[in-house]
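Shown next, in structure tokens, is the structure this report addresses.
The values are calculated or read from the model by the stated rules, or taken from the named source; none is laboratory data. Small disclaimer: the values here were computed from a predicted structure and weren't measured. Note: ideal-geometry Cβ built from the backbone for every residue, glycine included; neighbour counts use all protein chains shown.
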Amino acid sequence: MDKPSELKKLYVVRHGKSSWDYPGIGDIDRPLIERGISSSYRMAREFFGKNPPPDILFTSPAIRALHTAAIFARTLEMPSGLVRIENLLYMHSDEDLLAFIYALDDSLHSVMIFGHNPGLTDLANRFLTDKIDNLPTSALVSLTFNTGSWKDIGRNTLHAEDFDYPKKHL
């Protein structure tokens, strides 16, 4: 069995379903709707039933992503200090997201990021064996890499993968 220090675990989570009912507010301020909240709790409970909490959560500053990350942190019983807001996670390309991941400190063994499409779908498809058309809201992609360094993650170091989403659990 690999030592934990020789594995990197990346969890990619798309924010929960958000509201378009507030035409006067900017995209970054759109809130979750009730379904987005309940689906995020469902996915967080599913994750926590199978996995230990990650070392840290990184989230986009958008309200819908931040709320989703807060739901996961609460469900995973993580201190709020382990939730970090990263502007780069708001509406950036998969290349930008990958550069962010490559630059992570190697002392972190498991990281969960919360953000948006299309960047997250494109990022997931860099690694998933079976490509997806769209990462649904509240969906979670789990990727485990046989490497001790974030800069070395890639298809050649991919050890395990999983794609989970709320409709699987209805």
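For the range 92-107, give me each residue that is surrounded by fewer than 17 Cβ atoms within 10 Å (Cβ to Cβ), within 15 Å of the chain's Cα centre (by Cα) and outside any helix (DSSP H, G or I).
Within the range 92-107, 93 is the sole residue that qualifies.
How about the range 1-51: which of its residues are surrounded by 16 or more Cβ atoms within 10 Å (Cβ to Cβ), touching a strand residue (DSSP E or B) at 6+ places or on another chain (Cβ under 8 Å) and in a helix (DSSP H, G or I)?
36, 40, 43, 46, 47, listed by residue number.
Which pairs do you get when a residue that is part of a strand (DSSP E or B), found in the range 146-168, comes within reach of a residue that is surrounded by 14 or more Cβ atoms within 10 Å (Cβ to Cβ) and of a type in the set (S, T, N, Q), reach meaning Cβ atoms under 7 angstrom, with the pair 6+ apart or on two chains?
Listed by first residue and then by second, the contacts come to 146/157; 159/144; 159/146; 160/144; 161/142; 162/142.
What are the residues in the range 152-170 that are more than 30 Å from residue 34 (Cα to Cα) and surrounded by fewer than 14 Cβ atoms within 10 Å (Cβ to Cβ), if any?
Scanning the range 152-170 gives 154, 155, 156, 160.
Take the range 62-90 and flag every residue that is among the hydroxyl-bearing types (Ser, Thr, Tyr), assigned to a helix (DSSP H, G or I) and either within 13 Å of the chain's Cα centre (by Cα) or surrounded by fewer than 17 Cβ atoms within 10 Å (Cβ to Cβ) (or both).
The answer is 68, 80.
State which residue is nearest to residue 164 (Cα to Cα) when the search covers only the range 128-140 and only residues that are assigned to a loop (DSSP other than H, G, I, E, B) and in contact (Cβ under 8 Å) with a residue 40 or more places away in the chain.
139
Has the range 122-133 got at least one residue that is within 24 Å of residue 37 (Cβ to Cβ) and in contact with a helix residue (DSSP H, G or I) (Cβ under 7 Å, 6 or more places away or on another chain)?
Yes - at least one qualifying residue is present in the range 122-133.
List every residue pair whose Cβ atoms sit under 7 Å apart, with the two residues 6 or more apart in sequence or on different chains, where the first one lies in the range 97-121 and is on the phi > 0 side of the Ramachandran plot and at pLDDT 95 or above and the second, anywhere, is part of a loop (DSSP other than H, G, I, E, B) and of a type in the set (A, V, I, L, M).
none
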